[in-house]
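**Student:** My questions all concern the structure below.
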2 protein chains.
Amino acid sequence: MTKRDELIQTAFTLFYMNGVHSVGINQILAEAGIAKKTLYSHFASKDALLEAVIAYRDERFQAWLFGLMNSTSSPPEMIAAMFQGLDDWFNDRVNTLMPFQGCFFVKVNGEFFQHRVNELCHAHKQAILDYTQMRLSETYSDERAAQLANQIVLLKEGAIAQAYLGHDHNAAKLAGGMALALLPTP
Amino acid sequence: MTKRDELIQTAFTLFYMNGVHSVGINQILAEAGIAKKTLYSHFASKDALLEAVIAYRDERFQAWLFGLMNSTSSPPEMIAAMFQGLDDWFNDRVNTLMPFQGCFFVKVNGEFFQHRVNELCHAHKQAILDYTQMRLSETYSDERAAQLANQIVLLKEGAIAQAYLGHDHNAAKLAGGMALALLPTP
DNA sequence: ACAGAGGTAGACCAATCTGTCTACCATTTA
DNA sequence: TAAATGGTAGACAGATTGGTCTACCTCTGT
């Protein structure tokens, strides 16, 4: 793994736990065991590092979630896979994601205002909505798929929020049950 | 309004928009037009000010939400009032709350780790869950009321998240529809 | 053999942060 | 009238921040 990747991973872990503004460059460097000059040869600024961290997490999270959803062939299966995945994530049974600390993008987004990272965080959420809707439109009309996707994504966000700040580690199961109930009875 | 309250209000507005760590004491003082010594005669530290801000927002938010829910006499009415209130909030039709910028407690909570403010933010969410469950247990069994309350609160959190980071200003209507569908058909 | 790339360690700079302090002012109360 | 209270303005201290820079080291490719 390159120094660049080590920096991104270390920065992600620290940002995810403590927030972006609470974590200094020097702390990241000390934790990663990397020199300051190396960081600034790879990234122009802390902001640039943060953008790379966001892109890294976005890629990892999408690969994980879409991987689960992709290997299903009907809406009920897909929804079950999605919320089963969330349940695994909340209860730290997913190796590729870090120990659950809520949604990274929600956290980061909350620390900035009218800033480029707000757009990046929104884009992550939009990508998940778009993928879900695309998959549902294989079965339902565009209009129906759009409504269902919005409902499912809303339940997913609610589950993450309740699992984190609500300390409810069954939130994914609860949300998954509601999501399945949205589908027409077969 | 006392200087103490002015400080709390100004600090809240800035924290809510920009995050806690991005906003300095001097910025709050300049915005409020208050001297630094006055701040430190009322609060021991920035952390103490933040705790007062959290308590202030908690009180305001509960007064608003429980006010809406309290003047209803059946679960369907109560849920309708709750999500109608959220819809008003998301679309800036509530004077007593500030212009919608997501959930203050979710934002603040994300900036700290193993800190007292995490407990305070959780307590706010717990209070809303408890009130909802208490009201539902007037109609349903304790077990049923507990499950329903968890579902409703999850929908509420999902709606807030989708309204803010998802840019979906209809999230409250969508969530409200799902919440009403949870109740047994009359 | 040697040039160049990529790394380390850390001194350093300017800015900013929280928090303390002095000096002074205005109002209220005994 | 005198004391106490609560305020303003802002200098100041000490720590910390993001970012630059020098000096040196260690590979690798030609």
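The values are calculated or read from the model by the stated rules, or taken from the named source; none is laboratory data. Computed from a predicted model, the values in this text were never measured in an experiment. Positions of Cβ are generated from backbone atoms using ideal geometry, with glycine treated the same way; all protein chains shown enter the neighbour counts. Remember, those area values only see protein heavy atoms, side chains included, never the ligands or the DNA or RNA. Shrake-Rupley method; radii C 1.70, N 1.55, O 1.52, S 1.80 Å.
**Student:** Looking at (1) closer than 22 Å to B:Ala55 by Cα; (2) within 14 Å of chain A (Cβ to nearest Cβ), which one does B:Phe83 not meet, given that it meets all the others?
**Tutor:** Failing condition for B:Phe83: (1).
**Student:** In the range B:22-51, how many are in contact (Cβ under 8 Å) with a residue 40 or more places away in the chain and surrounded by 18 or more Cβ atoms within 10 Å (Cβ to Cβ)?
**Tutor:** 2
**Student:** To continue, here is another question. Residues in the range A:146-167 that are under 15 Å from A:Trp89 (Cα atoms), more than 7 Å from every other protein chain (Cβ to nearest Cβ) and open to solvent by 10 Å² or more (accessible area, probe 1.4 Å): how many?
**Tutor:** Looking only at that region, the number is 2.
**Student:** Can you name every one of the helices (runs of 4 or more DSSP H) wholly within the range B:1-51 that holds 2 or more residues which are among the hydrophobic types (A, V, I, L, M, F, W, C) and more than 8 Å from DNA strand C (Cβ to nearest atom)?
**Tutor:** Because the criterion is at least 2 residues that are among the hydrophobic types (A, V, I, L, M, F, W, C) and more than 8 Å from DNA strand C (Cβ to nearest atom), the helices (runs of 4 or more DSSP H) in the range B:1-51 that meet it are B:3-18, B:25-32.
**Student:** If you go through the range B:129-145, how many residues are buried (at least 16 other Cβ atoms within 10 Å of the Cβ), more than 15 Å from the chain's Cα centre (by Cα) and within 14 Å of another protein chain (Cβ to nearest Cβ)?
**Tutor:** So the count comes out to 1.
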